[in-house]
Amino acid sequence: MAKDLMLEVCDLHAEVAGKQILNGLSLELPVGEVHAVMGPNGSGKSTLAAVLTGRDHFTVTKGSVRYQGQDLLAMEPELRARAGVFLSFQYPIEIPGISTAYFLKAAVNAVRKHRGQEELDAIDFLKIAREKAKLVAMDESFLNRSLNEGFSGGEKKRNEIFQMLMLEPTLIVLDETDSGLDVDALRTVADGVNALRSAGRSMLVITHYQRLLNYIVPDRTHVLAAGKIARSGGPELALEVEEKGYKSIAERAA
Amino acid sequence: MSTLAEAKAGYVAAFERRVRPGAGSSATAGAKPAPKWLEDARREAIVAFDKVGFPGPKNEDWKYTGVTPIVSEPFYAALGEARPAYASSRVAALVGTLAIPAGEPALVFVNGSYAAAFSSVDATDVASGFTVRSLAADLSATDSIAASRLGRKLDASAHGFLALNTAFADDGAVVRISEGRVADKPLHLVYVGVATGKPALAHLRSVIVAEPGSAATIVEHYVGEPGVYLTNTAIEIALARSATLRHVKIQDEAETAYHVARLEAEVAEQASLASHVVTIGGALSRSEIYVRLVGRNAECRLDGLYALSGERHADHHTVVDHVVAETKSFENYKGVLDGSSRGVFTGRVMVRRDSQKVEARQQNKNLLLSEGAVVETRPQLEIYADDVQCSHGAAIGRLDESALFYLRQRGLDMDAARGLLTWAFASEILDRLPGEALRQTVTERVRFVALERAGK
């Protein structure tokens, strides 16, 4: 019997400013699995993340994306988020003047409202936030600081994972979460991600390097080239990429 | 006759009507005659008005603010007339919206006249360091504070509104903070416009004297009922050596009101002026600040936020004159403009040739929330000294698309995301308002008037 699919990407074509970036990408991500999407610069990795979450400067010209059976592309970005799609940004935004706590409480309550749960008051929110912050070794004082303002690269990524822990999404897309992290920060971030691995949750780990996959071990690995999947395999495919480079893999697929 | 000429003649005639002996209108009957020096100053001012008239488009300082809407209203008709009666409950309602904490002294003016019934200033306030009077009361006192100050530093011929203010203002606040006293509570000056069924005009003139080593906070609130009225207000501030004054002006006039304001301050050695301006109301408003730093280590900080919606027009015009060396100024004005509102910011900084070791920082950032909103920003630095640290920056931008997307990706809808980002932009200025209660009230009001609509 076929597994239940969290995400089903079918023949996806997308362009930005008239330039074709995704070129017939198809991908099936079953419920409860973690898939890695690897690829060289310009292969379409970040575009895939952007299209899945609804950034509007990309135009989908062909193909479909189904999330838990729904037409994901027809949904506004905030509806995707409330339905459980979370993107850990490659470059998290800095917003001076708004604290992480203030922003995240609004986000958590928007999601809870959508799910028919009662909204959290400030006290309950802080209690949960303190617990989750510990999981990513984030100092509590970060909650009251302006969102990402003056944060180091590692602190921003930890904040992304912290938000993810707070929002408890169903489909997690990690876009180059390892970039700019030293080994210790990488381990902390990976621990946070692994804490969320569960039978009902799926993840798409987008990365250039194999390194992150030592800590977040995928069920399957896909290699992206020129806007589509060039090869798919098990976790060992990532090691092969590391050893032989993208070029040989893309050539073998061609 | 053109509207302009007609209006000019109207004001001049109103002045004559007003001072003619034995005119016997109920407004002046029974009132003590003004001292001669004041009457002379008023007459000089009306002559100056007749000469300079209202600022027109050729006046560089008023280039982006046309005053025709104000001039077209026959406000002068009300001058010299008996001030119409009003229901006290309506004043109380307006004052109530300000949520001034119990125990903080407040002077309330209604349609340009001091209203003791709504004010809470008494002898105990003297104990807190303030001597507080209405201008009318001060001028008839033997130890008048304003007598030696009023109009001494403020040039009534600078423009027509200022000339009219000097010619007609017969009330306002007079405040002295005694030497070495630190006022532990802010003093509120509340200017209320109550609708009277016809165009109303309030001329207010205030004087603040901060004696050596004193410290205080003074908050001016401008509020009004819906209706057409003009508030023409001027405040003269003198900070003596080592005095500290925080001045807050919240301009929340009725949507149909006009507001022209001038703050003129002289800051002596080691003294420090902090000014906070928040502009959210009025159809057309002009807020001028002139600061002269006249003693070493004198400094001023000018903060401003204009959050405009609808068809509002607000012009903020600031001048900082570093008269002597080793003085500092820091200025940060921000604008949030929605609808088809229009904002104007002019920030002139003058550093004279002998004013070495001056530090002057200026910033004006604007956020446009709609296609129809317009802002003009003009930093004007005139620096004649060479050993100075001066910087300025002006920016006009829209909400950042990447930031909006980030917030939406976390589940906030478009309205909420826009509101949050706008809020983040404005909060830098609001967060610096003194006092928790004031900060909260003003913050809520800014949210309600300007930002609730930001997401729409």
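For the set A:Met75, A:Met6, solvent exposure ranked by accessible area (probe 1.4 Å, protein chains only) runs largest to smallest as A:Met75, A:Met6. Just checking the listed ones, A:Val85, A:Val173, A:Val183: in the Gaussian network model of chain A with Cα springs under 10 Å, the one fluctuating most is A:Val183. What shape does region A:5-253 have by the C-alpha gyration tensor, where a ≥ b ≥ c are the square roots of the eigenvalues, rounded means a/c under 1.5, and otherwise prolate means a/b greater than b/c and oblate the rest? Judged from the Cα gyration tensor, region A:5-253 comes out prolate (a/c at least 1.5, a/b above b/c).
Summarising the amide proton neighbourhood of A:Ile229: residues at separation of 5 or more, or on other chains, whose placed amide H is nearer than 5 Å comprise A:Ser26. Would you mind giving the total buried accessible surface between chains B and A, with a 1.4 Å probe and ligands, DNA and RNA left out, rounded to the nearest 100 Å²? Chain pair B/A: roughly 2000 Å² of buried accessible area.
Normalised by the number of residues in region B:148-230, the mean separation of alpha-carbon contacts (under 8 Å, six or more apart) gives a relative contact order of 38 percent.
Remark: the protein assembly as shown carries 41 Å² of accessible area per residue (probe radius 1.4 Å; ligands, DNA and RNA excluded). Ligands, DNA and RNA left out, the 1.4 Å accessible surface of region B:332-391 is 43% carbon and sulfur atoms. Checking the a/c ratio against 1.5 first, then a/b against b/c, what shape does the Cα gyration tensor give for region B:263-314? Note, shape of region B:263-314 comes out prolate.
For the segment B:399-405, counting C-beta atoms of other chains within 10 Å of every residue's C-beta and taking the mean gives 4. As a rough guide to protection, the peptides B:350-363, B:200-213 ranked by mean Cβ packing within 10 Å, highest first, stand as B:200-213, B:350-363.
Can you order the peptides B:83-89, A:110-116 by their average number of other Cβ atoms within 10 Å per residue, highest first?
The peptides rank, most packed first, as A:110-116, B:83-89.
In chain A, the longest principal axis of the Cα atoms and the axis of helix A:183-195 are about 90 degrees apart. Within the assembled protein chains, the solvent-accessible surface assigned to B:Trp423 is about 30 Å², based on a 1.4 Å probe. Close amide-amide hydrogen proximity is noted between B:Glu331 and B:Leu302, B:Arg361, B:Gln362, B:Gln363, each under 5 Å apart and 5 or more residues distant or on a separate chain (H modeled in the peptide plane; Pro and chain starts excluded).
Interface residues of region A:90-104, defined as those losing at least 30 Å² of solvent-accessible heavy-atom surface relative to the isolated chain (probe radius 1.4 Å), are listed as A:Ile93, A:Ile95, A:Gly97, A:Ile98, A:Tyr102, A:Phe103.
As a length-normalised measure over Cα pairs under 8 Å and 6 or more apart, the relative contact order of chain A settles at 27 percent. A cut-off of 5 Å between modelled amide H atoms, ignoring neighbours fewer than 5 places along the same chain, links B:Leu367 with B:Gly335, B:Val336, B:Leu337, B:Gly397.
Chymotrypsin sites (Phe, Trp or Tyr not before Pro) within region B:335-422: which are DSSP loop residues with at most 13 other Cβ atoms inside 10 Å?
Answer by residue number: B:Tyr384.
Set against the 2.2 N^0.38 Å expectation for a compact globular protein, region B:249-371 has a Cα radius of gyration ratio of 1.12. Ranking B:Ala240, B:Gly393, B:Ala82 by Cα position along the charge dipole of region B:81-399, where only Lys, Arg, Asp and Glu carry charges on their C-beta atoms, puts B:Gly393 farthest toward the positive end. Separation of region B:379-456 and region A:1-40, taken as the distance between their Cα centroids, equals 39 angstrom.
The helix-only estimate of mean residue ellipticity at 222 nm for chain B, built from DSSP H runs of length n ≥ 4 each weighted as -39500 (n - 2.57), is -7000 deg cm²/dmol after division by the residue total.
Would you mind telling me the share, in percent, of accessible area of region B:37-161 contributed by carbon and sulfur at probe 1.4 angstrom? The value for region B:37-161 is 56 percent carbon and sulfur by accessible area. Classify region B:66-217 as rounded, prolate or oblate from the Cα gyration tensor: take a ≥ b ≥ c as the square roots of its eigenvalues, call it rounded if a/c is under 1.5, otherwise prolate when a/b beats b/c and oblate if not. Cα axes put region B:66-217 in the oblate bin. Take B:385-391, A:78-84 and order them by the average number of nearby Cβ atoms within 10 Å per residue, most first; the result is A:78-84, B:385-391.
For region B:311-357 and region B:70-141, compute the distance between their C-alpha centroids and round to whole Å. Answer, in whole Å: 29.
Rounded to the nearest 10 degrees, the angle from helix A:153-167 to the longest Cα principal axis of chain A is 80 degrees. Equivalent ellipsoid of the protein assembly as shown: semi-axes from √(5λ) of the C-alpha gyration tensor, largest first, are 62, 25, 24 Å.
Could you please tell me the mean projected area of the C-alpha convex hull for chain B, averaged over all directions and given in square nanometres to one decimal?
With every direction weighted equally, the projected area is 22.0 nm².
Partner chain Cβ atoms within 10 Å, averaged over the residues of B:180-186 - can you pull that number for me?
0
Leaving ligands, DNA and RNA out of it, report the carbon-plus-sulfur percent of the accessible area of region A:111-222 at a 1.4 Å probe. Summing carbon and sulfur atoms, their accessible area is 46 percent of the total for region A:111-222. The loop-placed trypsin sites (Lys or Arg not before Pro) in region A:1-49, going by DSSP, that have at most 13 neighbouring Cβ atoms within 10 Å of their Cβ come out as A:Lys3. For chain B, the relative contact order works out to 9 percent when only alpha carbon pairs closer than 8 Å and six or more residues apart are counted. Shielding by partners for peptide A:106-114, expressed as the average number of C-beta atoms from other protein chains within 10 Å of each residue's C-beta, is 4.
The values are calculated or read from the model by the stated rules, or taken from the named source; none is laboratory data. This one's a predicted model, so the numbers in the text were calculated from it and none came from an experiment. We place every Cβ from the backbone using ideal geometry, glycine too, and count neighbours over all the protein chains shown. For the accessible areas, the whole protein counts, side chains as well, though only heavy atoms, and no ligand, DNA or RNA atoms are used. Shrake-Rupley method; radii C 1.70, N 1.55, O 1.52, S 1.80 Å.
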